[in-house]
Amino acid sequence: MDKKLFKQLILLITFSVVLVAFIVKLDAVWGWANNVLAAFEPIFIGFAIAFVLHRPCNFFTRLYAQRLPGKGKAAARPLAVATSYVLLIAFIAVLVSLVVPELIKSLERFVSNLNTYGSNFQQLFDFVVEKLQLEGLENLNFTGAFDNLNSLLSRALELLTDTMPHLISATGVVVSAVVTGVLAIVFSVYMLSGAPRLLGQCRRIAVTYLPRKVVHPFLSVARLTADTFTRYVTGQVTEACILGCLCFVGMCIFQFDYAPLISVIIGVSALIPVAGAYIGAILAAVLLVMIDPMQAVWFLIFLVVLQQLEGNLIYPKVVGTSLGLPGIWVLAAVTVGSSLLGFVGLVISVPITAVLYTLLKQDLRTRLSGEGNQAQGPEGE
């Protein structure tokens with residue numbers, strides 16, 4: 001038997017055995033993969049922080065390099081890293097100091113008025129049943145359910161208030177989370193500080209170990225991926241902040257209830273592509289319909305107008321062009337990504353799909369242009 005054919009058969013048999021073992025022991029393999037990913041969690045989180053702060057850090061680096069004289073330019077990068085973290089911490093502190101107290105007040109008000117909301121909801125339900133003549137639903141009573149929910153929420157708040165210090169002191173989960181956060185920050189500082197050197201090292205490794213035909217497409221895909229993720233993160237965060245702030249201002253002007261709580265819900269839900277707007281609108285409408293159904297209707301009208309104004313006028317000018325991904329691809333990416341990887345898949349599925357979509361368009365253009373040239377070749381001759 002030919003040695004080359006024999007090697008190919010051995011490789012095929014080995015691959016088949018490994019594939020069957022992988023399928024049979026899929027649970028064990030998945031558990032081992034989760035343990036490995038958990039071990040690298042601080043590095044992943046640190047990379048995410050460094051990725052978010054990379055552009056601000058580069059901006060401050062250029063700014064300090066222009067202002068610092070002579071040998072002081074060497075301190076431009078460390079100063080830029082420190083400035084980026086100070087601004088991030090200040091932003092989080094201001095956000096927490098402004099939002100959290102109002103959010104707690106809104107939640108306390110919601111819990112204290114839950115009995116009233118229950119009776120209002122019962123009246124609305126009875127009105128709908130009477131007008132639509134729905135048989136079999138006349139005897140449904142939601143007041144008792146809201147009373148039980150009110151007592152349950154009150155007990156939960158008391159339990160958290162009384163036992164949280166003991167839980168924090170006794171559990172190791174909080175300690176592990178703190179350690180992971182500290183390590184992630186340390187990794188992110190090192191990545192930001194040595195970003196030019198790390199990028200140069202990665203580029204040299206790719207050029208050295210990858211074939212020449214592969215290295216340039218690989219670097220091009222890496223640049224496209226980094227640029228796509230940057231535009232996506234910047235766009236989503238900016239859109240969420242703008243939409244949340246405009247929602248709060250509008251709700252204060254029109255005197256809607258729970259303005260801080262609903263504005264936070266709208267802003268956070270805006271981070272979710274496609275479905276986020278509907279999720280935020282439904283949650284806000286549920287809160288307002290128990291106070292006054294007409295207030296919920298007017299709020300939905302206000303939110304639709306606000307989203308159209310923000311999406312068509314403000315967002316394109318502030319953020320710029322979007323990823324250029326059709327809506328059906330965005331919906332498919334969100335659905336599949338969230339099903340496979342949960343929240344992480346929800347976050348990364350859209351930019352990954354945008355990268356694959358861009359590469360597919362580039363490949364199609366290249367192939368079609370090549371076929372066009374071949375078809376015109378004999379005529380030109």
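Structure above, values below:
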item: Pairs with Cβ under 9 Å, 6+ apart, first in the range 176-195 and in contact (Cβ under 8 Å) with a residue 24 or more places away in the chain and at negative phi, second of a type in the set (D, E, K, R) and open to solvent by 70 Å² or more (accessible area, probe 1.4 Å); result: Thr180/Glu41; Leu183/Glu41; Ala184/Glu41
item: Selection within the range 364-381 - modelled with pLDDT of 70 or more and open to solvent by 70 Å² or more (accessible area, probe 1.4 Å); result: Leu364, Arg365, Thr366, Arg367, Leu368
item: Residue list for the range 268-315, filter: of a type in the set (D, E, K, R) and in a helix (DSSP H, G or I); result: Glu310
item: Cross-chain or 6+ apart pairs with Cβ under 7 Å, the range 65-81 first and in contact (Cβ under 8 Å) with a residue 24 or more places away in the chain and of a type in the set (A, V, I, L, M, F, W, C), then assigned to a loop (DSSP other than H, G, I, E, B) and open to solvent by 80 Å² or more (accessible area, probe 1.4 Å); result: none
item: Verdict on Arg62 being of a type in the set (D, E, K, R), closer than 29 Å to Ala82 by Cβ, open to solvent by 80 Å² or more (accessible area, probe 1.4 Å) and over 26 Å from the mean Cα position of the chain (by Cα); result: yes
item: Thr208 vs. criteria surrounded by 13 or more Cβ atoms within 10 Å (Cβ to Cβ) and in a helix (DSSP H, G or I); result: no
item: Residues satisfying the stated conditions in the range 287-306, i.e. within 22 Å of Ala240 (Cα to Cα) and open to solvent by less than 60 Å² (accessible area, probe 1.4 Å); result: Leu287, Leu288, Ala296, Phe299, Phe302, Leu303, Leu306
item: Matching entry among Thr225, Thr234, Thr230, Thr238 (being surrounded by fewer than 19 Cβ atoms within 10 Å (Cβ to Cβ), closer than 22 Å to Val330 by Cβ, touching a helix residue (DSSP H, G or I) at 6+ places or on another chain (Cβ under 9 Å) and modelled with pLDDT of 85 or more); result: Thr225
item: Residue list for the range 253-286, restricted to those being over 22 Å from the mean Cα position of the chain (by Cα), touching a residue at least 40 places away in the same chain (Cβ under 8 Å) and surrounded by fewer than 19 Cβ atoms within 10 Å (Cβ to Cβ); result: Phe254
item: Qualifying residue in the range 34-47 (condition: among the β-branched types (Val, Ile, Thr) and at pLDDT 85 or above); result: yes
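The values are calculated or read from the model by the stated rules, or taken from the named source; none is laboratory data. Predicted, not measured: the structure shown is a model, and the values here were computed from it. Don't worry about glycine lacking a Cβ; one is built from the backbone with ideal geometry, like all the others, and counts go over all protein chains shown. Remember, those area values only see protein heavy atoms, side chains included, never the ligands or the DNA or RNA. Shrake-Rupley method; radii C 1.70, N 1.55, O 1.52, S 1.80 Å.
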